[in-house]
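Structure, as structure tokens:
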Amino acid sequence: MSADLIEPLLMPLRSAMEGKDPALVVLSSCLVTAFSVFVLMFLLKPKAKKEASWVNKNFGKDCDKCVNFLTPTEIEDLLKDGKPKAFCRCWKSKTFPMCDGSHAAHNKETGDNTGPLVIKP
């Protein structure tokens, strides 16, 4: 771009700067630019659906807080067959509250390291 084309663009800036400290003009310009960028980022940021941040996407959605209780007797009954029982902690299991191994795909996809709670007889 030649100087002849740039000069008309700079004229309003030069007249605004007349009699003012150039450092103050630069600081003001930076603040206005930073604020403008912040506002644009906020306005253009895609809104995430509430559900997108849910850990539990399927189980017990009819209650305010999903809590499971097992008594020692119920745990003993689960272990009567002598085999360990794995309980899901990733909320991805199709057989929740029992683990079905879905955490493996979740871990591979996200880099997470979640696994089940295993209770041994």
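The values are calculated or read from the model by the stated rules, or taken from the named source; none is laboratory data. Please read these numbers as outputs of a predicted model, since none were measured by experiment. Note that each Cβ is placed from the backbone with ideal geometry, even for glycine, and that neighbours are counted across all protein chains shown. Only protein heavy atoms, including side chains, enter the accessible area calculation; ligands, DNA and RNA are left aside. Shrake-Rupley method; radii C 1.70, N 1.55, O 1.52, S 1.80 Å.
Values as computed for the structure displayed
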{"read-out": "Residue that is modelled with the highest pLDDT [pool: residues in the stretch 67-78 that are within 27 Å of residue 105 (Cα to Cα) and open to solvent by less than 80 Å² (accessible area, probe 1.4 Å)]", "value": "78"}
{"read-out": "The stretch 73-89, residues that are farther than 22 Å from residue 61 by Cα and assigned to a loop (DSSP other than H, G, I, E, B)", "value": "79, 80, 81, 82, 83, 84"}
{"read-out": "Scan of the stretch 90-111 for residues that are assigned to a loop (DSSP other than H, G, I, E, B), open to solvent by 60 Å² or more (accessible area, probe 1.4 Å) and farther than 15 Å from residue 54 by Cβ, ordered by number", "value": "94, 95, 100, 111"}
